[in-house]
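Engineer: Following this message is one structure expressed as structure tokens.
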Amino acid sequence: MLLKINDLVKVFNKNILANDGISLHIEKGEVFGLLGPNGAGKTTMVNQIIGLTMPTSGSININGIDVVSNPDYARQNCSFQSQTQVPIAGLTAIQAIELVGLIRGGNNIEVQKRTKQLIDNLEIGEWANKMGATLSGGVRRIVAFCMAAVFPGSVVILDEPTNDIDPVRRRLLWNQVRSLADMGSAVLLVTHNVLEAERAVDRLTIIDQGKVVGTGTAADLKGQDEDHMRLELVFEPGMQFSEHPDLLEHAVTSRRRVIGRIAEKKVVEALEWAQSLKEKGVVEEFFLGPTTLEDAYVRMVGRTDVVEITEGDIVNEQSTS
Amino acid sequence: MSRALRSYLLLLKWQALSQKPILPLSMAVQIMIAIGFVIGLSFFYPELSSTIAKYLITGAPTIIILMIGLVLLPQIVGMARKEGTFDYMWSLPIPRMIYIAADATIWVLVALPGVIISLAIGAAYHGFSLDISLLSIPGLLLITISGVLLGYTIAHGAPKPEIAHLITQVLVFVIMIFSPVMYPVEQLPNWLVQIHNVLPIKYMADLSRGTLTDLDVNLGLAFIVVGAWCAVGFVATYFLIKRRR
């Protein structure tokens, strides 16, 4: 296996436990998701892999080499897209991408060719010769991705690569993430966007408060939800209910929307209940479908304040198991 | 081309391009400060003789370099720290001291025009001649590199960028008012003289005076003390940027 992390512990200031015994491994050609809410310890873990942060205990190996004692090896072999913006204010997009390619050891011709390929594939040609300072946050983040992908190491670490990026280019970016794995890199994708991760990763680990709470494929993690369905209700404007029935488990409420799990044996009862709400004019529409990774995520993380809901902001918490 | 040299040149390009938007402005400001220093001396000392002017003007490189190294640099590096620049740059497969070398090169280039112009205009304006020895090249380089490395020590050693910023505010005051550059060391109280016997500022000024004029200074001692401070700055910077959180 390419990247192997074993029992990783990081304590800051003697009492802040950022990583609490994290273990995982990533294979060559695999896109591996690291999911968790803000403050779960994802970036702390990444910073230990590339030698910015010293683990309190535990081991990190890349290609069998211990990179805790040899951080230079990690930097030679990991391409990294930081969560923070890259320092390219005075550089054009092309200059920034090519410079990193050359610094990582690529030769001029292959770096230029690959830069052009990435710019074309991600459709950022119109900004290719614009200075970093003038680029929008989303385009800068795509450029940062290109900087990580131009001459990829055997491990590619992408920390929240799709933040600020428009939906069309997000799809293009996911294609490029997949092709990095196809080219032979092990891709570690750090995100809190569960819906996107479900489509993009081969396997994933969910961490919360520094601990691994689940590892496997999206299907593995959803396994425990197999005998459940997902029910989504959209309120009429101005309507809400103060209490929902027990049959709606792990419910997440946004302004006009409630999403929860329904046990399969209670599906008929739930549909009747939803239909009655619709007839009373409380609910505008409702949807019943198979559970998603997001449902498994909410169950594992045990809180509802962490899930991105596509419409509206989460305003309150109805039930947390 | 060795890997280190290749990395250095690539980073030099990166830093030069990054600084490009403000580089001409930085240089212009440094040149204006240099000219202002030369002319402003006449306001401080209305009866300025050319001998005294020579003494003061040849201390100007030290003031200019320390203002850049110990004040401007920690402020700009502090901003970069805040923006997460180093989290990215330190993740690249390059020795970190190579990054510092590339960055320091840019700072030397920023400092150089001001240093040269202050000397040239100062000599012409105040009517004295310079006696430039070849040692002035290593001398001025040593002052600049020491200033820059000590600047990095402050910038990366301060627990927070804001603290580095505060330190620079104090240093402006110390360098301008409480250092024997704008006036002879004999005018300082004894306790401050003792402190300046250890600090590099007086010796930096001696280095530029001793290599640019015929003024009698202990050049050997100046090279040793400034060289020692340069080594301290190098070692401190090395360990500060190498450490992991």
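Engineer: For the range B:11-114, what does the relative contact order come out to in percent, with C-alpha contacts under 8 Å and a separation of six or more? If you can, show how the numbers build up before the last one.
Structural biologist: Values: 43 pairs, mean separation 64.0, N = 104.
That works out to 62 percent.
Engineer: Based solely on its DSSP helices, what 222 nm [θ] is calculated for chain A when runs of n ≥ 4 H residues each add -39,500 (n - 2.57) and the sum is averaged over all residues, nearest 500 deg cm²/dmol? Write out the running numbers ahead of the final one.
Structural biologist: Values: 10 runs with 103 residues, N = 321.
Counting only the DSSP helices, I get -9500 deg cm²/dmol.
Engineer: With a 1.4 Å probe and all protein chains in place, put B:83, A:110 in order of accessible area, largest first. Write out the running numbers ahead of the final one.
Structural biologist: On the way: B:83 115, A:110 85 Å².
Greatest to least solvent exposure: B:83, A:110.
Engineer: Based solely on C-alpha atoms, express the radius of gyration and the Dmax of the protein assembly as shown in angstrom.
Structural biologist: When restricted to Cα atoms, the protein assembly as shown yields Rg and Dmax of 30.3, 102 Å.
Engineer: Now a separate question. Give the ranking of A:147, A:239, B:79, B:32 by solvent-accessible surface, highest area first, calculated with a 1.4 Å probe. Before the final figure, lay out the partial values.
Structural biologist: Working: A:147 0, A:239 75, B:79 110, B:32 135 Å².
So the residues, ranked largest to smallest area, are B:32, B:79, A:239, A:147.
Engineer: What is the average number of partner chain Cβ atoms found within 10 Å of a Cβ in B:10-18?
Structural biologist: On the way: counts 6, 2, 0, 4, 9, 2, 1, 10, 8.
Going residue by residue through B:10-18 and averaging, the value is 5.
Engineer: Can you give the charge dipole size of chain B about its Cα centre, rounded to the nearest 20 debye, using +1 on the beta carbon of Lys and Arg and -1 on the beta carbon of Asp and Glu?
Structural biologist: Details: 15 positive and 10 negative charges, 248 e Å.
Here chain B has a charge dipole of around 1200 debye.
Engineer: Another question about this same structure. Compute the distance in nm between two label points, each set 7 Å from the Cα along the Cα-to-Cβ direction, one at residue A:278 and one at residue A:69.
Structural biologist: 6.5 nm
Engineer: Averaged across orientations, what area in nm² does the convex hull of the alpha carbons in the range A:3-221 project? Write out the running numbers ahead of the final one.
Structural biologist: Working: hull surface 45.9 nm².
Average of the hull's projected areas for the range A:3-221 equals 11.5 nm².
Engineer: Using a Gaussian network model of chain B whose springs link C-alpha atoms within less than 10 Å, name the residue from B:117, B:39, B:177 with the highest mean-square fluctuation.
Structural biologist: Largest GNM mean-square fluctuation: B:177.
Engineer: To continue, here is another question. Could you please state, rounded to a whole Å, how far the C-alpha centre of the range B:102-156 is from the C-alpha centre of the range B:1-45?
Structural biologist: Here the two parts' Cα centres lie 11 Å apart.
Engineer: To continue, here is another question. Could you name the lysines whose alpha carbon sits less than 20 Å from that of residue A:266, not counting residues in the same chain fewer than 8 places away?
Structural biologist: Answer for residue A:266, where 20 Å is the Cα cut-off: A:222, A:278, listed by chain and number.
Engineer: As a quick test, which of the pairs A:4/B:20; A:211/A:265; A:28/B:82; A:130/B:82; A:4/A:116 have an alpha carbon distance above 30 angstrom in this structure? Walk me through the numbers before you get to the answer.
Structural biologist: Details: A:4/B:20 42 Å; A:211/A:265 33 Å; A:28/B:82 35 Å; A:130/B:82 24 Å; A:4/A:116 33 Å.
Checking Cα-Cα distances, A:4/B:20; A:211/A:265; A:28/B:82; A:4/A:116 exceed 30 Å.
Engineer: A further question on this structure: Could you identify which residue out of B:183, B:125, B:45 has the top mean-square fluctuation in a GNM of chain B using Cα springs shorter than 10 Å?
Structural biologist: The residue that fluctuates most here is B:45.
Engineer: Quick one: ranking B:216, A:120 by accessible area, 1.4 Å probe, largest first, what do you get? Provide the component values of the computation, followed by the final result.
Structural biologist: On the way: B:216 150, A:120 80 Å².
So, going from the largest accessible area down, we get B:216, A:120.
Engineer: Also, I was wondering about something else. Could the peptides A:153-159, A:126-132 be put in order, highest first, of the mean number of other beta-carbon atoms found within 10 Å of their residues? Before the final figure, lay out the partial values.
Structural biologist: On the way: A:153-159: 23.0, A:126-132: 16.0.
Result, highest mean first: A:153-159, A:126-132.
The values are calculated or read from the model by the stated rules, or taken from the named source; none is laboratory data. Predicted, not measured: the structure shown is a model, and the values here were computed from it. When we count neighbours, we look across all protein chains shown, and the Cβ atoms used for this are built from the backbone with ideal geometry, even at glycine. For the accessible areas, the whole protein counts, side chains as well, though only heavy atoms, and no ligand, DNA or RNA atoms are used. Shrake-Rupley method; radii C 1.70, N 1.55, O 1.52, S 1.80 Å.
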